[in-house]
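What follows draws every value from the coordinates through simple rules; no lab data is involved. Please read all numbers here as calculations on a predicted model, not as lab measurements. Cβ coordinates were reconstructed from backbone atoms using ideal geometry, including for glycine residues, and neighbour counts include every protein chain displayed.
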Amino acid sequence: SARRKIGLIPADGIGKEVIPAAQQVIEAVLPSRFSFIHLDCGFEHFQKTGVALPPDTVKQLREECAGALFGSVSSPSHKVAGYSSPIVALRKQLDLYANVRPVASPIGGTGKPIDMVIVRENTECLYIKSERITDTPNGKVAFADRQISEHASRRIGRMAFSLAAQRLAHRRKTAKAGAAAAPPTAKVTIVHKSNVLSITDGLFRESVRASQQDDARFAEVEVEEQLVDSMVYRMFREPEVFDVAVAPNLYGDIISDGAAALVGSLGVVGSANVGDDFVIGEPVHGSAPDIAGRGIANPIASIRSAALLLARIGEPEAAARIDAAVDAVLAKNDLRVLTPDLGGKGTTAGVTDSIIKGL
Ligand code: NAD
Ligand code: K
Ligand code: MN
């Protein structure tokens, strides 16, 4: 059929409430452009069937879908035999090597607008999970290997520069003609700790810098470096100075969760898991068992994730319309509409309706 398919993987908890909200918004912004297939996955599915990520889900994503939206999985804190996180497996099987997380708000925690994107390397660093422990005369000693490769660092660098180049082009297009303001710029901040880890973080930083040569469009992007500890300090003090930040897996995990606090709630931060061949939009939050089933989960993180997905599957205008409608609902700050995580009395359905009306 001429309609392209989007895979929907709500998985567990509030994923089942916020992914349908995102689907409604996609259908409203692009009526009958896409068809949707619902795919099984998650801890609840594991409890019913013994399988967390059915092979058929991966097969349908690969063979039929233009992209997908993932909700959230409930990973139990105790070890459950035979279970491991299906989103981690999905990222691996589809080689989604970048986690792209925009953190934007018209009024951030420090009162100024925040508009940054964190690009986290998604495949290596300490997450290769190569750990061991030995006994010594002074007690146990544990070790972990940390892998940083030129290949993975250079391709995550390309992702960061390519986003910055797109943002620069967009800023130039939307800058007011003839205005006296300074010409638009875009910047990549390379986050590392190569003052201490000169070999591993040194390779990361050099490879990201080298990736700027990989495309002529990257030439006009400014580059700066920030040690990860002072990055955290500056993100608290002056988050508005950052544009695109790129980091190895562990630093990226930490700074991107922290950055979510700058914009008020986990319920508004979306992300995209991106590879060269596939993309999965995914809200940053988990399955929120404390509020699941009550119709009050904030759908904005999933709706923003839907926009990130659309932007990467050839529908950038629809994505921009969704983001503008979300910004308008947030800027209005109507507490009868917004959900409780933002101090409101509203519902998932109410927020979704307001966004759809504003498209
Ligand atoms: P969580 O993100 O589920 O919830 C943290 C807090 O934020 C809770 O108080 C929750 O009510 C609130 N919250 C989160 N999303 C919200 C939304 N859309 N609207 C309103 N409030 C929202 O994190 P957690 O409590 O640490 O973990 C719960 C479960 O989710 C665990 O099983 C964990 O393993 C899993 N988890 C999954 C993912 C993922 O799917 N990638 C990510 C993080 C946590
Ligand atoms: K999630
Ligand atoms: Mn995290």
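Work out, step by step, the length gained on full extension between ASP277 and SER77: first 0.36 nm times the residue separation, then minus their alpha carbon distance; give nm to one decimal.
That works out to 68.7 nm of additional length.
Quick check: from the Cα gyration tensor, does segment 165-296 come out rounded (a/c under 1.5), prolate or oblate? Can you show the working numbers first?
Numbers: a/c = 1.67, a/b = 1.22, b/c = 1.37.
Oblate shape, in that a/c is at least 1.5 and b/c is the bigger or equal ratio.
Would you mind computing, in nm to one decimal, how far apart the modelled labels at GLU131 and ALA324 are, each placed 7 Å from Cα along Cα→Cβ?
4.8
Work out, step by step, the length gained on full extension between PHE143 and GLU64: first 0.36 nm times the residue separation, then minus their alpha carbon distance; give nm to one decimal. Working shown, then result.
Working: separation 79, 0.36 × 79 = 28.44 nm, distance 4.24 nm.
Value of the extension gain: 24.2 nm.
With +1 on each Lys and Arg Cβ and -1 on each Asp and Glu Cβ, and nothing else charged, work out how big the dipole of segment 69-218 is about its Cα centre, in Debye to the nearest 20.
600
Kirkwood Rh over alpha-carbon pairs of the chain, then Stokes-Einstein at 25 °C and 0.890 mPa s: what D in µm² s⁻¹, rounded to an integer? Present the calculation step by step, with values, prior to reporting the outcome.
Values: Rh = 21.3 Å.
Stokes-Einstein gives a translational diffusion coefficient of 115 µm²/s.
Could you work out the relative contact order of segment 154-244? I mean the mean sequence separation of Cα pairs under 8 Å and 6+ apart, divided by the number of residues, in percent.
42
For an R0 of 25 angstrom, estimate the FRET efficiency from the Cβ-Cβ distance between ALA210 and PHE236 and round to the nearest 0.05.
On the way: r = 31 Å, r/R0 = 1.23.
Calculated transfer efficiency: 0.20.
So, in nm, how far is label LEU227 from label ALA349 when the simple model puts each one 7 Å beyond its Cα toward the Cβ?
Placing both labels 7 Å along Cα→Cβ, they lie 5.4 nm apart.
Could you check the simple spin-label distance between THR110 and ALA219, using points 7 Å along Cα→Cβ, in nm with one decimal?
3.3
Among TYR251, TYR233, TYR83, what is the fewest-to-most ranking by other Cβ atoms within 10 Å?
Numbers: TYR251 26, TYR233 11, TYR83 15.
Ascending number of Cβ neighbours within 10 Å: TYR233, TYR83, TYR251.
With the cut-off at 1.5 for a/c, could you classify segment 35-175 from its C-alpha gyration tensor as rounded, prolate or oblate?
Judged from the Cα gyration tensor, segment 35-175 comes out oblate (a/c at least 1.5, b/c at or above a/b).
If the chain between ILE199 and GLU317 were fully stretched, how many nm would it gain, using 0.36 nm times the residue separation less the Cα-Cα distance?
38.2 nm
Apply 1/(1 + (r/R0)^6) to the Cβ-Cβ distance of LYS357 and ASP257, taking R0 = 35 Å, and write down the FRET efficiency to the nearest 0.05.
0.65
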